[in-house]
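Below you'll find the structure, written out as structure tokens, and then a few comments.
The values are calculated or read from the model by the stated rules, or taken from the named source; none is laboratory data. Fair warning: this is a prediction, and the values are worked out from it, not measured in the lab. Quick reminder, even Gly has a Cβ in these numbers, built from the backbone with ideal geometry, and neighbours come from all protein chains shown. For the accessible areas, the whole protein counts, side chains as well, though only heavy atoms, and no ligand, DNA or RNA atoms are used. Shrake-Rupley method; radii C 1.70, N 1.55, O 1.52, S 1.80 Å.
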Amino acid sequence: MTAKPWDGRFTEKTNELVEAFTVSIETDKRLYQEDIEGSMAHCQMLAKQGIITNDEAQALIQGLQEVKADIEQGSFKIDPRLEDIHMHIETALAHKIGNVALKLHTARSRNDQVALDVRMYLRKQTSHVLQLLHEFRKTIVQFAKEHLSVILPGYTHLQRAQPVLLSHHMMAYYEMFTRDAERFSDGLKRINVMPLGSAALAGTTYPIDRDYTAALLNFPKVSSNSMDAVSDRDFIIEWLASASICMVHLSRLSEEMILWSTSEFGFIEISDAFTTGSSIMPQKKNPDVPELVRGKTGRVFGNLMAVLTLMKGLPLAYNRDMQEDKPLLFDTIDTLTACIEIFIHMLPKVKVKPKRMYESVLTGYLNATDMADYLAHKGMPFREAHSCVGKIVKFAIEKHVELNELSLEDLKQFSLLFELDIFNYITVDEMINRRMSLGGTALDRVQMAIQHAESILVTEKS
């Protein structure tokens, strides 16, 4: 059966160029499982409603199970003339059970069929992404725990700003990826809407039971408008947007891995197993994995922009343009899951260099803010204290020394509020552990944040 499902209306065969141009089987063949599951549920509903007989439904379901087995065993033949996975399955079914297969498409259209398949596939992939994000967040928390007391410079404008704990720095990424998980989880509410029964765009004249089909397929909600159901791709756009934001976070972490592994920073060393060499320079060790993640981020952004552009001018209801959503969605799914997965394996093997990190905290006047806070605690208005310490920093730069290397007499030239306790006040450990505000970098606060994260992750898993 290679006849087109619309052959009755046409007098000419489809041009071979058109067949090649419109075919989508190489893209949508990954939907075979969802297509078959949806078809089996549809058969059960048709039989329940007396639209087909129980024997016909049983034959259809048995045949569909055999087609699924053929696909999974690798004996299924692809014929580009059949365009998509839906026609391939229907044709294979006809070869197995004969003309009764022609009743499979009763009370549905490929429009609501493909909408169903994609929603079923995407909710499954969303669950997979949530599992990966859970594992990655666990990996981040474990990394933070293992390097709890390591101190490094915190940066603003890529300039050394204030000392922070490496664990605090990494827990910032835990927060980012937690928000990503929340976004994907919330998006499931809009993915998990059953469109089957909308037919081409106007619904169907058959006495179908959409709620029954939805229950068979584990959909908590049924679409309310047939035209919207077959033309809605908001759930795909939202998923791509969530993926894009997640890739932003992966890219930012990648950028830091790249910077920190340079000889200029020297804060970390990425495992040989996750780096490559140069074809010409024997000494090179390149952070190709984080570089590729950073590069693939732009690809995911492009997929989002492409689907937005695809949908922005489409009138209701279904238009063939929508066929182009699947390559973009599938590519994003594959890219995002690969990037998360490789970070799950790479991060634990990153070697931290605490001595180099700590040395970087000791220069660059990172204790200037704390010196200003010291004066403010002594009663000087903060803005005045800020100005005063700015002058002290200028003085220290001219003398080529750090603030803690100035004498008390040097400091008293700028304010008589300075006493000997200033030198303990601006030590690195003191600066870290005074930051006890909620969400701060003090050791106790970071320990609390790690414990809280661990309890959340345990709850999520259970």
Practice task
Give me the percent of the accessible area of the chain that comes from carbon and sulfur atoms, probe 1.4 Å, all protein chains in place.
Solution key: 54
Completion exercise
Mean separation of Cα contacts under 8 Å (at least 6 apart) over the residue count of the stretch 73-170, i.e. the relative contact order in percent, is 15
Completion exercise
proj_area_mean for the stretch 85-215 (convex hull on C-alpha atoms), units nm², value 13.1
Completion exercise
Largest-first semi-axes in Å of the equivalent ellipsoid built from the Cα gyration tensor of the stretch 163-275 are 47, 13, 11
Practice task
For each pair in Lys353/Lys412; Lys351/Lys399; Lys353/Lys461; Lys312/Lys461; Lys48/Lys221; Lys68/Lys103, compute the distance between the two Cα atoms and list the pairs where it is over 27 Å.
Solution key: Lys353/Lys412; Lys351/Lys399; Lys353/Lys461; Lys312/Lys461
Completion exercise
Taking a straight Cα-to-Cα line shorter than 17 Å from Lys138, and setting aside same-chain aspartates and glutamates fewer than 8 residues away, one finds Glu146, Glu175, Asp180, Glu182, Glu341, Glu454, Glu460
Problem - Overall dimensions of the stretch 380-462 by Cα: Rg and Dmax, Å - result: 19.0, 62
Handout entry: Contact order relative to length of the chain, as percent, for alpha carbon pairs under 8 angstrom and 6 or more apart
Key = 16
Handout entry: Per residue accessible area of the stretch 252-402, 1.4 Å probe, in Å²
Key = 52
Practice task
Take each of the peptides 358-365, 82-89, average the number of other beta-carbon atoms within 10 Å over its residues, and list them starting from the highest.
Solution key: 82-89, 358-365
Completion exercise
Rg/Rh over Cα atoms for the chain, Kirkwood Rh, comes to 1.15
Completion exercise
Ignoring ligands and nucleic acids, Phe343 exposes an accessible area, probe 1.4 Å, in Å² to the nearest 10, of 0
Exercise for the section: Please report, largest first and rounded to whole Å, the three semi-axes of the ellipsoid equivalent to the stretch 307-426, where each semi-axis is the square root of five times an eigenvalue of the C-alpha gyration tensor. Expected result: 58, 23, 12
Practice task
Leaving out ligands and nucleic acids, note down the accessible area per residue over the stretch 126-228 with a 1.4 angstrom probe, in whole Å².
Solution key: 46
Exercise for the section: Please work out the Cα center distance from the stretch 359-422 to the stretch 51-76, rounded to the nearest Å. Expected result: 79
Exercise for the section: Quick one: plug the Kirkwood hydrodynamic radius of the stretch 40-125 (C-alpha pairs) into Stokes-Einstein at 4 °C, 1.567 mPa s, and report D in µm²/s. Expected result: 95
